[in-house]
Amino acid sequence: MGFNPLEHEGIPVDQQFRSWKELNVDPLPARPDDPYTMTRVILMNGIEVEAAMFSHQFARHTDNPEIKRSLAVSRRIEQQQQKAVNWLLPGENSVLETTIGYEQVAVDLTAWLARNEPDPHLKQALDFALLEDFDHLYRYSNLYEMIQSGRAAELTKGLTEITPGRPTFAHHRHPVDELRRHYATQTVNPLSRLHVMTIVAAEQQTMNYYMNTGPDFIEPIARSLYLEIAQVEEQHVSHYESLLDPLDSWLANLLYHEATEVYLYWSMFQQESDPRVKQLWELHLNFEIGHLQEAARMLRRFEGREPEELLPPELPGIPLTFETNKDYVRSVLAAQLDLRTDEEDYVPVDDLPADHRFFAFQDKANGDGVPSEDVITQNVEANGRDYRDETEGPNPIVDLRQPAGQA
Amino acid sequence: MPTNAAYHLGATSKPMPMVYVDPERAVTDEQLAAVAEGTGLNGAFIADVLSDALMHERCGFHLYRSVAGRTNNPILKRRYQELGDETLTHVTVLEELIAAVGGDPGYVSPAARGTEKLDMGALEGSFMLSGSVDLMTQELMMLNAVVLAEAIDHANWETMAALGAACPDGPVKDAMVRAVEQVLPQEEEHVTWARDMRQRMILLQAQSKAMTRVGATMETMVARISSMFDDAPVPG
């Protein structure tokens, strides 16, 4: 059974500020027993970043003192939460090791959402981008082996396979083909709304991370690979955010953001294996209920609407779960490898006319070489084969299997 | 009584070029064609128009609840509450009318979505920039939103009367006429009150130098707004 967060008080907002010491948490070990503890941290960091940035945008669209002050208070707390969460990441891990964590999030989060998504249109949107993030994991894992002599499976613990997905060079679409039809806020299943808001925040943080850390590398292949994949992450943010209904007001959006955070902290709390981190999820869950209550108060006061009419009677009883999704990913890969987009629609690449802008954009973007291909070529040259972690057998697509003699 | 359309309240809608509706909640023009059957009117269009009018009434109720809670004038507060209560009965009347003509009150038409955006814009206009104006002007902004809402509301019910007149004798016409008879007189009263009150508020300020004096304390302004209509009869 889920619960109705509006029936709980949580921790009042004015009791949520913390000291520097409280925020400067001890980091996780570089190789935690459960790699999904790391993915939960990465996801919730992205959720908090979205909360803060949404609040900033909202604040720039109003000078109502009561709203601005309320936003300022909750935003400062969201920022404190972001620090307490993100500072769990171990400093001894390199940017590239953290990146592999980001891609494990992208694969297993997206796959789980797709498996549990009731709306076929939204499920398709998730499946589509899943294959691209799955391929990013493979490309970064090869970079990791090449420049750090690392084995990505030691980070993912074999819970997420590493093998080619829809090849990254094929992700580079014309921007107008990145936009999907959006759900209607009145008819969308509350679970679907939670799924979309979650994946938008997660992909946005991935975009932010790559666009900022890419130039930290010295190796030209690393710089160029981050550049290329950072652009794809922008595409994914455009893809997913276009699913959101622009009809929702600022205050309704605030309410939905807080409800999403409540659901996610509750989910993380349900499954966390690290007791110390579990405590943090519980604390933040109670913080978020406090934020939700404040958003609900403002919705009633300024829009005259009852939050109970916007939110479902209870949040989903199934927690969003990080778990292995190997069979599901393989099935999507086998079925949708060749899918592309044409404006709002998904189409097999063979159905696109030769003069479609997809091919023109491909020629322009990939015309001077493709870093995501170069990284594989260079790693094969260095190690005699590409890096994979195919725990369930060869890649389901024959053309994507390791050439004989390389394994 | 729900005054919002949402999944858990059984809402349905119609897919549009950029709007996707989950198949289990999607309706088509073919399905809507059964609305106002036997009248010769375009059933799908009537369904859309009625949904639009219902959305406007629902938004009107939210508007009145919002302004009643924010005004500093007790007379306006009381009147906003009264108008909100009457608007809520209009929501009920429309829901019953929609059901009576073979429609679904949970259906949200594309026009209704557009109206929700329009009405939300008017409501947001009454508070999102409240820091840009003094307390008296905030009162005027709230009243402006009410005037806009009532103008559309009145036009909706006049149109409903015309639609009823265009129907041949039968249950659909009867239902429409009954609803219009119940609501239109109140809508005429609402829009007249809103326009008159807006005019009166502006005249009062125009005739009183003290009302908008720069530097007046919050307490002074609230006191002035609170007693704004004490010295003269208030319309409505």
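The values are calculated or read from the model by the stated rules, or taken from the named source; none is laboratory data. Quantities reported herein were computed from a predicted structural model and do not represent experimental measurements. Heads up, the Cβs are rebuilt from the backbone with ideal geometry, glycines too, and the neighbour counts pull from every protein chain shown. Remember, those area values only see protein heavy atoms, side chains included, never the ligands or the DNA or RNA. Shrake-Rupley method; radii C 1.70, N 1.55, O 1.52, S 1.80 Å.
Need the C-alpha centroid separation for segment A:97-156 versus segment A:4-33, integer Å. The two parts, judged by their Cα centres, are 27 Å apart.
When the surface is traced with a 1.4 Å probe over the full set of protein chains, A:Arg300 keeps roughly 90 Å² accessible.
The Cα center of segment B:25-76 and the Cα center of segment A:35-71 differ in position by 34 Å. Measuring with a 1.4 angstrom probe and ignoring ligands and nucleic acids, A:Asp274 comes out at about 40 Å² accessible. Take the accessible area of chain B alone and of chain A alone, subtract that of the pair, and you get about 3200 Å² summed over both chains, using a 1.4 Å probe. Karplus-based coupling profile of segment A:158-163, in residue order and whole Hz: x, 7, 10, 5, 10, 6, with θ = phi - 60° in 6.51 cos²θ - 1.76 cosθ + 1.60 and x standing for Gly or Pro. Each other residue within a Cβ distance under 11 Å of A:Asn64 adds +1 if Lys or Arg and -1 if Asp or Glu, for a net charge of +1. In segment A:158-196, the residues that give up 20 Å² or more of accessible area when the other protein chains are added, compared with the chain on its own (1.4 Å probe), are A:Arg181, A:His182, A:Ala184, A:Gln186, A:Thr187, A:Asn189, A:Pro190. Qualifying GluC sites (Glu not before Pro) in segment A:1-69, where qualification requires a DSSP coil assignment and no more than 13 other C-beta atoms within 10 Å, comprise A:Glu9. Between the alpha-carbon centres of segment A:75-91 and segment B:1-21 there is a gap of 37 Å.
Give me the net charge of A:Leu126's neighbourhood, meaning all other residues with Cβ under 13 Å from the Cβ of A:Leu126; Lys, Arg count +1, Asp, Glu -1. Walk me through the numbers before you get to the answer.
Values: positive: A:Arg115, A:Lys123, A:Arg180; negative: A:Asp108, A:Glu117, A:Asp119, A:Asp127, A:Glu132, A:Asp133, A:Glu203.
Local net charge: -4.
Of the listed residues B:Arg178, B:Arg113, the order by accessible area with a 1.4 Å probe, largest first, is B:Arg178, B:Arg113. Once backbone amide H atoms are built at 1.01 Å from N, A:Gln402 has A:Asn395 as its partners under 5 Å, excluding neighbours fewer than 5 places away on the same chain.
Solvent-accessible surface, computed for protein heavy atoms with a probe of 1.4 Å, shrinks by 40 Å² or more for the following residues of segment A:26-73 when the other protein chains are added to the isolated chain: A:Asp63.
How would A:Asp108, A:Asp350, B:Asp48 line up by accessible area, probe 1.4 Å, largest first? Numbers along the way, then the final one.
Details: A:Asp108 0, A:Asp350 135, B:Asp48 25 Å².
Per-residue accessible area, sorted high to low, gives A:Asp350, B:Asp48, A:Asp108.
For segment A:71-85, backbone phi angles converted through the Karplus equation (6.51, -1.76, 1.60; θ = phi - 60°) give residue-by-residue couplings of 5, 4, 5, 5, 5, 4, 6, 4, 5, 5, 4, 4, 5, 4, 7 Hz, Gly and Pro being listed as x.
The A:Gln279 and A:Glu323 beta-carbon pair, evaluated with R₀ = 25 Å, returns a calculated FRET efficiency of approximately 0.70. Taken residue by residue and averaged, Cβ atoms of other chains lying within 10 Å of the Cβ of B:18-31 number 5. In sequence order, segment A:113-122 has phi-based couplings of 4, 4, 4, 9, 7, x, 8, x, 5, 6 Hz under the Karplus curve 6.51 cos²θ - 1.76 cosθ + 1.60, θ = phi - 60°, and Gly or Pro positions carry x. Got a sec? Which residues in segment B:101-137 would a label at B:Lys77 touch, if it sits 7 Å along Cα→Cβ and we count backbone N under 17 Å? Under cut-off, by backbone N: B:135-136. Near the amide H of B:Tyr20, within less than 5 Å, lie the amide hydrogens of A:His182, A:Tyr183, A:Ala184, all on another chain or at least 5 residues away, with H placed in the peptide plane.
Relative to the Cα centre, the charge distribution of segment A:194-332, modelled as +1 at Lys and Arg Cβ and -1 at Asp and Glu Cβ, gives a dipole magnitude of about 140 debye. A 1.4 Å probe run over segment A:5-400, with the rest of the protein chains in place, finds 37 Å² accessible per residue.
The Cβ shell under 14 Å around B:Arg113 holds other residues with a net charge of -1, Lys and Arg each +1, Asp and Glu each -1. The share of accessible area on the protein assembly as shown that comes from carbon and sulfur is 54 percent, using a 1.4 angstrom probe. Each Lys and Arg Cβ is given +1 and each Asp and Glu Cβ -1; about its Cα centre, segment A:5-400 then shows a dipole of about 1020 debye. GNM remark for chain A: springs join alpha carbons under 10 Å apart, and the peak mean-square fluctuation among A:Glu390, A:Glu303, A:Glu373 falls on A:Glu303.
In summary, the helical segments of chain B meeting the span-like criteria, namely a full DSSP H run, a Cα extent along the axis of 18 angstrom or more and a mean Kyte-Doolittle hydropathy of at least 0.0, are B:43-70, B:135-166. Projecting the Cα atoms of B:Ala44, B:Leu76, B:Met16 onto the charge dipole of segment B:14-133 (Cβ charges, centred on the Cα centre) puts B:Leu76 farthest toward the positive pole.
Between the amide H of A:Asp389 and those of A:Ile162, A:Thr163, distances stay under 5 Å, these residues lying 5 or more places away or on another chain, with hydrogens modeled in the peptide plane. Springs join every pair of Cα atoms under 10 Å in this Gaussian network model of chain A, and among A:Leu352, A:Leu137, A:Leu255 the largest mean-square fluctuation is at A:Leu352.
For the set A:Asp351, B:Asp52, B:Asp134, the ranking by accessible area, highest first and with no ligand, DNA or RNA atoms included, is A:Asp351, B:Asp134, B:Asp52 under a 1.4 Å probe. Can you tell which of A:Ala335, A:Ala59, A:Ala170 shows the greatest fluctuation in a Gaussian network model of chain A with Cα springs below 10 Å? Residue with maximal mean-square fluctuation among A:Ala335, A:Ala59, A:Ala170: A:Ala335.
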